[in-house]
Amino acid sequence: MRFYPAFIRVEDQTVIFSGAGDHAAAKIALLLKTTARIRVFGRNPSPRVRAWHDDGRLVLLERAIEEGDAEGARLVYGANDDAAEDARAVAIGKRAGALTNIVDDLESSEFLTPAIVDRDPVTIAIGTEGTAPVLARKIKAEIEESLPPATGTLARLGNAFRPIAAQLDSPRMRRDFWSRFFSTEGPKALAEGGETRVQSALQDLYTKTNSRDEATGEVALIGTGPGDPDLLTLKARRKLHEADVVLHDRLVTPQILELARREATVIEVGKKGYGPSWKQDDINAVMVKHARRGKRVARLKSGDPTIYGRLDEELDVLDEADIAWEIVPGVTSASAAAAAIGTSLTRRGRNSSLRLITGRDVDGFAEHDWASLAQNGSTAAIYMGVKAATFLSGRLLMHGANASTPVTIVENASRIDQRVVSTSLGQLIEDMRAADITGPAILFLGLIPRKLEAVPLDHLAHQATGTEG
């Protein structure tokens, strides 16, 4: 990061532009949103700059900037579209002690003007250090669409209420108060009755928050999906951001953990097949310990917590400890893997049912109804099947499964390093070894990528391993 992002106070400060043409007008328009005193030096001003001068919004001097003109200025822009004149102007600014910027000249600038999303008093600045202005505009457009115009109004009304909210007994109560106000209560009140209703909603929410017993915390058991943070639900994001303590499985990605508050305590409580792991009893104990201390705990589980997440064991412990809990479902890995290969998990005429099975159980490899799974047309999504692949394929072939039955392996579904391996039951072990599958993977029995649907099964059984990102 070559430029450190910061907001510069310009209230009652002077900002100077050397240059009054169209090149300068776009930057001047941004500064006009502030309360800065703007002075513009330049001959042949653009109609916009002259109109702003006539309206009293800035002072225009139709001459070049001279020594002494920048005394006391906070910022000085060189915006003449003339390299020599811009260099002369910012040199004057530097000698006067101002921060300087030459428009569209990264290397000669001491600060940059970012793309701005304006929800006064809420301001979002977007910078790419001059490397990708088009990307900055794209991000700006996306934020503009997602951030309601009323955001600034709620921030202004909330700020007026801040001295009262500061009287709440603890930092957590204050954080909960503002979280509920900005996420639900505030927008609802503004839509129902405008600013007057928001003011009464603030008082109502303060009363409720102040009377709440926060002696015992709560636990949110959150499905984080297969790894892509874009697949998190809005509720999952909110619960994660509100958490005081975050307990996460090994497969929860760093990109998702980045969404937690910086003040939160983050603890990895991962399990790993055939490797060092946290015991479930230890996970239960640390979860209860923090909740009993009044903390809001986010228990993050890869995929969906209701599918092979040992959810019931943790709920039983929380119930026994009389701790409030909530389940936040996530995108299960089978769904993400199906999306990766462009197919549906069920389809009329192909498979009317789908089994979700695991390759491992508490005591080792998991046993299933192999005779039923071996039948032609059976379809299954197999979790934790990489280490158990030899066992699984052996059982299926032993019970009469066709060696040409398609098997698709999706490693790291939804992630940037996602891989897809298309093979058959008879070739499964050989092709898995050749592909060196090491990441979390879903094995699809009886499903193939959409682009291979026209390939005959006997050909698929003998084709070389294929991968795709």
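Nothing in this text is a laboratory measurement; each read-out follows from the coordinates by a stated rule. Bear in mind that the values here come from a model prediction, so they are computed numbers and not experimental data. Here Cβ is always computed from backbone atoms with ideal geometry, including for glycine, and neighbour counts include all displayed protein chains.
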Checklist outcome for this item: Neighbour-count ranking for Ile28, Ile124 (other C-beta within 10 angstrom, fewest to most) reads Ile124, Ile28
Next on the checklist: Among Ser302, Val288, Gln199, which residue has its Cα furthest toward the positive end of the charge dipole of the chain, with +1 on Lys/Arg Cβ and -1 on Asp/Glu Cβ?
Outcome noted: Gln199
Next on the checklist: Over the chain, what is the relative contact order in percent, taking alpha-carbon pairs closer than 8 angstrom and at least six residues apart?
Outcome noted: 9
Next on the checklist: Taking every pair of distinct Cα atoms and averaging 1/r, then inverting, what Kirkwood hydrodynamic radius in Å comes out for the chain?
Outcome noted: 27.2
Checklist entry - Hey, what does the equivalent ellipsoid look like for segment 111-256, semi-axes from the Cα gyration tensor as sqrt of 5 times each eigenvalue, largest first, whole Å? => result 29, 25, 14
Next on the checklist: Which one, Phe444, Asn351, Thr390, projects farthest toward the positive side of the charge dipole computed for segment 335-468 from Cβ point charges (K/R +1, D/E -1)?
Outcome noted: Asn351
Checklist entry - Given a cut-off of under 8 Å on Cα pairs at least six residues apart, what relative contact order in percent is computed for segment 335-468? => result 27
Checklist outcome for this item: In this structure, among Lys279/Lys387; Lys138/Lys188; Lys239/Lys295; Lys188/Lys235; Lys188/Lys239, pairs with alpha-carbon gaps over 24 Å are Lys138/Lys188
Checklist outcome for this item: Any lysines whose Cα falls less than 29 Å from that of Lys94, other than same-chain ones fewer than 8 residues away, would be Lys27, Lys33
Next on the checklist: Counting pairwise Cα distances across segment 151-210, what percent come out greater than 16 angstrom?
Outcome noted: 32
Next on the checklist: What percentages make up the Cα-Cα pair-distance distribution of segment 335-468 when the bins are 10 Å wide from 0?
Outcome noted: 13, 49, 35, 3, 0
Item to check | Mean-position separation - Cα centroids, segment 191-268 and segment 74-88, in angstrom | outcome: 47
Item to check | Assigned charges on the beta-carbon of Lys, Arg, Asp, Glu; the chain dipole about Cα centre (debye) | outcome: 380
Checklist outcome for this item: Nearest 10, in degrees from 0 to 90: the angle of helix 151-165 to the longest Cα principal axis of the chain is 90
Checklist outcome for this item: In degrees, nearest 10, the alpha-carbon axis of helix 171-180 is tilted away from the dominant principal axis of the alpha carbons of the chain by 90
Next on the checklist: Per DSSP helix of 4 or more residues, -39500 (n - 2.57); summed, then divided by the residues of the chain. What does that give at 222 nm, rounded to the nearest 500?
Outcome noted: -10500 deg cm²/dmol
Checklist outcome for this item: Here the Kirkwood hydrodynamic radius of segment 218-331, Cα-based and in Å, equals 13.8
